[in-house]
Amino acid sequence: MSLCILYHTDGCHLCNQAMALLAQCQVEYQLVDIVFKQDLVTLFGTRIPVLENEKGQFLDWPFDYYKIEQFLSCR
């Protein structure tokens with residue numbers, strides 16, 4: 001099973017909230033800081049945090065515990 005990806009950037013309080021929610025859901029994920037790639041800044045700059053599942057689908061903020069579970073079908 002591949003890991004989910006959380007697109008974020010340092011210093012983003014919403015991204016920190018998303019990481020806490022993912023921990024609560026016990027979801028393994030990879031962090032990708034968008035600041036290092038201009039195409040990611042263009043795509044996600046005003047949307048972060050954004051969660052990508054293994055199917056390549058995106059879940060934009062705001063999300064909560066239940067939306068994460070539904071999106072990832074982790075329960």
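The values are calculated or read from the model by the stated rules, or taken from the named source; none is laboratory data. Not measured: the values here are computed from a predicted model. Every residue, glycine among them, receives a Cβ derived from its backbone with ideal geometry; neighbour counts consider all protein chains shown. Keep in mind that these areas ignore ligands, DNA and RNA; they rest on the heavy atoms of the full protein, side chains included. Shrake-Rupley method; radii C 1.70, N 1.55, O 1.52, S 1.80 Å.
Could you tell me the relative contact order of the chain? Use alpha-carbon pairs under 8 Å, at least six residues apart, and round to a whole percent.
Details: 97 pairs, mean separation 28.4, N = 75.
Once normalised by length, the contact order is 38 percent.
Just the number, please: carbon plus sulfur as a percent of the accessible area of the chain, 1.4 Å probe, no ligands or DNA/RNA counted.
On the way: 2550 of 4850 Å².
Answer for the chain is 53 percent, counting heavy atoms of protein chains only.
Would you calculate the convex hull of the Cα atoms in the chain and tell me its volume per residue in Å³?
Working: hull volume 6.2 nm³, N = 75.
About 83 Å³ per residue, rounded to a whole number.
List the chymotrypsin sites (Phe, Trp or Tyr not before Pro) within region 9-75 that fall in a DSSP loop (any state other than H, G, I, E or B) and whose Cβ has at most 12 other Cβ atoms within 10 Å.
Values: sites: Y29, F36, F44, F58, F63, Y65, Y66, F71; in loops: F63.
The qualifying sites: there are none.
In a GNM of the chain with a 10 Å cut-off on Cα contacts, which of L59, L43, L22 has the highest mean-square fluctuation?
In the Gaussian network model the winner is L43.
Give the angle, between 0 and 90 degrees and rounded to the nearest 10, that separates the Cα long axis of helix 13-24 from the longest principal axis of the Cα atoms of the chain.
The answer is roughly 20 degrees.
So with the 1.4 Å probe, I'd like the accessible area per residue for the chain, rounded to whole Å². Write out the running numbers ahead of the final one.
Numbers: 4850 Å² over 75 residues.
Result: 65 Å² per residue.
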